[in-house]
1. It is to be established whether one or more residues within the stretch 3-11 are within 31 Å of the chain's Cα centre (by Cα), among the polar types (S, T, N, Q) and surrounded by 10 or more Cβ atoms within 10 Å (Cβ to Cβ).
2. Give the stretch 60-93 a look and list any residue that's in a helix (DSSP H, G or I) and modelled with pLDDT of 85 or more, or say none.
3. Could you check Gln57 against (1) touching a strand residue (DSSP E or B) at 6+ places or on another chain (Cβ under 8 Å); (2) of a type outside the set (Gly, Ala, Ser); (3) at pLDDT 80 or above and say which number it fails?
4. Six or more apart or on different chains, Cβ under 7 Å: which pairs go from a residue in the stretch 108-136 that's without any contact (Cβ under 8 Å) to a residue 12 or more places away in the chain and over 22 Å from Glu164 (Cβ atoms) to one that's among the hydroxyl-bearing types (Ser, Thr, Tyr) and surrounded by 12 or more Cβ atoms within 10 Å (Cβ to Cβ)? Could you list them?
5. Yes or no: Arg152 in contact (Cβ under 8 Å) with a residue 12 or more places away in the chain, of a type in the set (Lys, Arg) and touching a Gly at 6+ places or on another chain (Cβ under 9 Å)?
6. Consider Thr56 carefully, then state whether it is polar (S, T, N, Q), in contact with a Leu (Cβ under 8 Å, 6 or more places away or on another chain), under 30 Å from Ser166 (Cα atoms) and in a helix (DSSP H, G or I).
7. Which of the following residues is surrounded by 14 or more Cβ atoms within 10 Å (Cβ to Cβ), in contact with a strand residue (DSSP E or B) (Cβ under 9 Å, 6 or more places away or on another chain) and either of a type outside the set (Val, Ile, Thr) or closer than 30 Å to Leu150 by Cβ (or both): Val75, Val83?
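The values are calculated or read from the model by the stated rules, or taken from the named source; none is laboratory data. Values in this document were obtained by computation on a predicted structure and should not be read as measured data. Here the Cβ positions follow ideal geometry from the backbone for every residue, glycine too, while neighbour counts run over all protein chains shown.
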Amino acid sequence: MSELDQISNMLQRKVGQRDQLHSQHTRLQAELDRLTTEQEDLTKALEAIQVVARLTQQELEVHVSELVTLALDAVFPRPYKLVLEFVLRRNRSEADLLLVDEKGNKVNPMDAVGGGVVDIAAFALRVALWSLKRPKPRAVMIMDEPFRFLSRDLQGKASMMLREISDKLGIQFLIVSHEENLLEAADHVLTVENHRGISSVK
């Protein structure tokens, strides 16, 4: 084979390699364009989800904190205000529940406030979560000693608060309690007595 033939063959191979590289480049460019468009779409979707999540969190915060704060306000002379702070932990959005005192100090309810405050806040949180459920569950809540840490002088106010929430939200509360002050605003009171191991309702 002559030197010219060798050069011609080498040139043809190079042309084939060039065409192959050009074809590969075209395919890769198309894939890059597709991935770029997909990334832009995903970024827009993520931004939309973040906006919806932020609005949902704000609505949830208003609903929950308002109800809990009203319950605390109805019972305590210098009430706390509940705030929800949404934070990202382990790539998940979580809500920290904090109480704010009259001076604006934020405190963890389990660390820095009395049991009575926690009792009222926990009760109101239960009611708030009930009101958010869809489909709506039965409008009945059964509670056993719900305010056991609340001081006796505030139990009458707690009873009135229960009555108000019951009237406004249409919830029936069935409460088991030894505290007579919680009965002040009750519609019906049933007394259970135990005599020689036999319970009777009066």
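1. Looking through the stretch 3-11, none of the residues is within 31 Å of the chain's Cα centre (by Cα), among the polar types (S, T, N, Q) and surrounded by 10 or more Cβ atoms within 10 Å (Cβ to Cβ).
2. If the condition is that a residue be in a helix (DSSP H, G or I) and modelled with pLDDT of 85 or more, then Val64, Ser65, Glu66, Leu67, Val68, Thr69, Leu70, Ala71, Leu72, Asp73, Ala74, Val75 are the ones that fit.
3. Against the list (1) touching a strand residue (DSSP E or B) at 6+ places or on another chain (Cβ under 8 Å); (2) of a type outside the set (Gly, Ala, Ser); (3) at pLDDT 80 or above, Gln57 comes up short only on (3).
4. Note: no pairs meet the criteria.
5. No, not satisfied.
6. On the way: polar (S, T, N, Q): yes; in contact with a Leu (Cβ under 8 Å, 6 or more places away or on another chain): no; under 30 Å from Ser166 (Cα atoms): yes; in a helix (DSSP H, G or I): yes.
So Thr56 fails the test.
7. On the way: Val75 fails: in contact with a strand residue (DSSP E or B) (Cβ under 9 Å, 6 or more places away or on another chain).
Result of the check over Val75, Val83: Val83.
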